[in-house]
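Each value in this text was obtained by applying a stated rule to the coordinates, not by laboratory testing. In this text, all values refer to a predicted model and were calculated from it rather than measured experimentally. When we count neighbours, we look across all protein chains shown, and the Cβ atoms used for this are built from the backbone with ideal geometry, even at glycine.
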């Protein structure tokens, strides 16, 4: 993985010093909360319901064992011994004290980490596929260009006070695990007929109160021009994006109001100018320098056929279940991708204790080239594990309550922090997710249901990605009472779609039964081993509407 | 309010004219884009220096043909969160080659000077509690920058290439 050179390290160190000065001024009363807000938000510090919240950047979701051990230490020392992995592959701490944050940042800097631009109206952490470097059909490791974007976007003088936040995601496989169509900019790495790598650029996707799927604005941007192209999109947005209304400030609204054709025209005109100037041309040497850090690890020559694993699965039902859902195909024979679920029954999706972090870091050190990934579905991942080590890895994970065999199943839910932590929320989401995971905890029933993405948000800002859940739940407040609206048919992958509202919202008491009913309707209607989303696309919303509300 | 130019507090020689103010016979004046459009000939005929103040939403493209006649462009920040003028400044310097004074007016915070300087501002209307020392601290927070902008500092990308070339040479 990428390692800082002296320039990277110096920038991060200077940022720690700058923020230390800002916190000192705030604590001394020289900075008002409003003035401090700008600085703290560009550094991932939010003021939440009960406390400050700190969001730690995990660029494109890749961590080393050393970094994960450090995160564990930090959560013990400065917080309550756990952290929360987010849908943007970052880690949130819910209880740090403002006075401690400069020291915390200095500790992060010692392992080449930071909180830069994890909030604020700037270019946020660039996210990517958690299977990067391991997926069989990958065109190139997407993290190379993610790191290029990370550096270009860090403290960008022109684009740090945008109309609103700006999120970029990159995918290098046809199956999109990075949800690029619902990002401000989504980059799909593609190969042309001549075998050259280039970038398909999508802009104006996003969730929130106005969910929109992105529009293609660049068909094949050559590698050397990618930064020039991104700068062109950002400049058009910074100059013409709306600033009169917080809820209409994202680039998706600009694209929607101006029209995709006009945006394409403006971006193309700007790109021509930027390219002519030439200062943003990406040198091949720099790409090569970064690529070296993402060179594949030293794989052994192994066979995919490992009889002892089959034998272990025959004896251990838990292991057999885990193999069914938590393992993904790897490009190297004899290796596999291990997905670690952070969705145990009845607990908070995405939460991970310090002890669990240490366990994962140790396992990665022993079995997975000391590399850990964070998935946008709020899970962890070990990208390169020998098949023959799977039972040992499973046993070690299970001992730390990390062996839940539900990746991609109905209890592998995305949920935002909701009313339990967030001062924007209208309703609780964690509590609903917990009750749903309890209702559907029977693993055989989950396997029978098959792949199903169930996402819950506690308010219209949609941090829980409810719009793109196969089943989405949105918490709303009606005269002080929490209600839950259900959407069906959303998807975040290459078939991205916004879910349809099924009908009137359910009360807190009704919502779990309602989801249960939806699942049963699907099981009745499905053909063969069709998954939920395919059944839904075939039959539409009506059968669900009819039966769901007939029962009430 | 006071004026910081090239890092020092200086007396402001310019008169910022409101649209209803009478045009003085002599002395440098800053006018709005609206007034410039209405009184262009009169304003350009004066012997003294002329400046134009652009509101957020008034893109510098509108004045690009007059830039060689202007000694100053002032860009408004209606709120510190409104960063539109960062792009305006960059374009004025890098695309339209404006060499005169580029002045930030309105709501700017001390922790933004670094960004403002990088996109090409060289003058700032600031609150009275901003000292040259504070200004210097803010603009020198980072020795190097990752990306090229309108300042003359070499970006990290170029520094790395230079280092690479030096390594190859030895």
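Using alpha carbons only, how many angstrom separate the centre of region A:300-323 from the centre of region A:60-111?
One Cα centre to the other: 34 Å.
Put a dot 7 Å past each Cα toward the Cβ at residue A:77 and residue A:103; how far apart are the dots in nm?
Going by the 7 Å Cα→Cβ label model, 0.8 nm.
Can you tell me the FRET efficiency between residue A:193 and residue A:324 if r is taken as the Cβ-Cβ distance and R0 is 60 Å, rounded to the nearest 0.05?
Numbers: r = 39 Å, r/R0 = 0.65.
That pair, residue A:193 with residue A:324, gives E of 0.95.
Take the Cα pairs of region A:307-399, get the Kirkwood Rh, then feed it into Stokes-Einstein at 10 °C and 1.306 mPa s and tell me D in µm²/s. Please list the in-between numbers first.
Details: Rh = 13.5 Å.
In µm²/s, the coefficient rounds to 117.
Let me confirm one metric for peptide B:145-153, namely the mean number of other chain beta-carbon atoms within 10 Å of its residues' beta-carbons.
Working: counts 6, 11, 13, 6, 4, 2, 1, 0, 0.
Rounded to a whole number, the mean comes out at 5.
Quick check: pseudo-label points 7 Å beyond the Cα along Cα→Cβ at residue A:210 and residue B:136, how many nm apart are they?
4.7 nm
Test of understanding: what is the full-extension gain from residue A:525 to residue A:308, defined as 0.36 nm times their sequence separation minus their Cα-Cα distance?
74.2 nm
Given a Förster distance of 30 angstrom, what is the FRET efficiency for residue A:355 paired with residue A:420, based on the Cβ-Cβ distance and rounded to 0.05? The partial results should precede the final answer.
Working: r = 22 Å, r/R0 = 0.74.
After rounding to 0.05, the efficiency reads 0.85.
Once you've got the GNM for chain B with C-alpha springs shorter than 10 Å, pick whichever of B:41, B:82, B:114 has the biggest mean-square fluctuation.
It is B:41.
From a point 7 Å beyond the Cα of residue A:25 in the direction of its Cβ, which residues of region B:130-148 have a backbone N at a distance under 19 Å?
The answer is B:130-143, whose backbone nitrogens lie closer than 19 Å to the label point.
For region B:107-170 and region B:26-80, write down the distance between their C-alpha centroids in whole Å.
27 Å
At 20 °C and a viscosity of 1.002 mPa s, what translational diffusion coefficient does Stokes-Einstein give for the protein assembly as shown, taking Rh as the Kirkwood radius over Cα pairs? Give it in µm²/s as a whole number.
Values: Rh = 27.3 Å.
So the translational diffusion coefficient is about 79 µm²/s.
Could you tell me the calculated FRET efficiency between residue A:495 and residue B:11, based on Cβ-Cβ distance and R0 = 45 angstrom, to the nearest 0.05? Let's see the in-between values first.
On the way: r = 64 Å, r/R0 = 1.43.
Once rounded, the FRET efficiency stands at 0.10.
With each pseudo-label sitting 7 Å past Cα toward Cβ, what's the residue A:286-residue B:19 distance in nm, one decimal?
Once both label points are built, they end up 4.4 nm from each other.
Quick check: residue separation of residue A:256 and residue A:32 times 0.36 nm, minus the Cα distance between them. What number comes out in nm?
On the way: separation 224, 0.36 × 224 = 80.64 nm, distance 3.67 nm.
Here the segment from residue A:256 to residue A:32 would lengthen by 77.0 nm.
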